[in-house]
Amino acid sequence: MESRMRQVGVVARTPLAIRRAIEEDVTEVVLLERETATAPHWAVADYVEALQPLAPGGGVGHGAGRDIGGLKRALFVAAEGREVCGFAVGKVLRAGREVEGELESVVVHAGLRRQGVGSSLCRMVMQWAREQGAGKMLLEVRAGSAGAVQLYRGLGFVAMGRRPRYYHNPVEDALLMRCGLRPQAMGVAEGERERDLSAG
């Protein structure tokens, strides 16, 4: 059944939790991704690979993420109860001694944009990447997405280049951005695992 938020576009008035995704979140994540035209469209299996590993005994762990050939991914969600209102995916890749992070996708329900949800999701991905040893974070964004570019600049990202005609439907350049993962630049307390914010 379609969620209440998607049916009527209600803006959440209760605090949202920013947390690592679990298996039960995947269906909601995919629904939100599919209804967001500008979001990268992934297979369900890709989101499953980014889930939080289980701790011994079957509980949710606080591990680094699934490690596949030196690449780790993590999926975070902004949720009101069991309803996913936004999500972000990040990865870290180890090549020799260098560890590099990438913010791969950030999606927020249309009724909750410009309320701090996207920036909170981004900060949690950045914090996770730094905990895995990454010293910098990269991302790609549509050059014409002024709101997204402003969001990333507010998080400390700076433009470092373009990829002409990288995106399709519509065709558009990709702006390449980079940020150092210093704690003071990220604005996230050391060891923060979950965050509540008022979306009202």
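Met137 meets the conditions (1) within 15 Å of the chain's Cα centre (by Cα); (2) over 22 Å from Ala43 (Cα atoms); (3) modelled with pLDDT under 95; (4) not charged (D, E, K, R) in every case but one. The failed one is (3).
Can you spot a residue in the stretch 70-80 that is modelled with pLDDT under 85, in a loop (DSSP other than H, G, I, E, B) and farther than 15 Å from Ala110 by Cα?
yes
In this structure, does Val125 turn out to be within 19 Å of Trp42 (Cα to Cα) and at pLDDT 95 or above? When the stated conditions are applied, Val125 passes them.
The values are calculated or read from the model by the stated rules, or taken from the named source; none is laboratory data. Keep in mind the model is a prediction, meaning the values are calculated, not measured.
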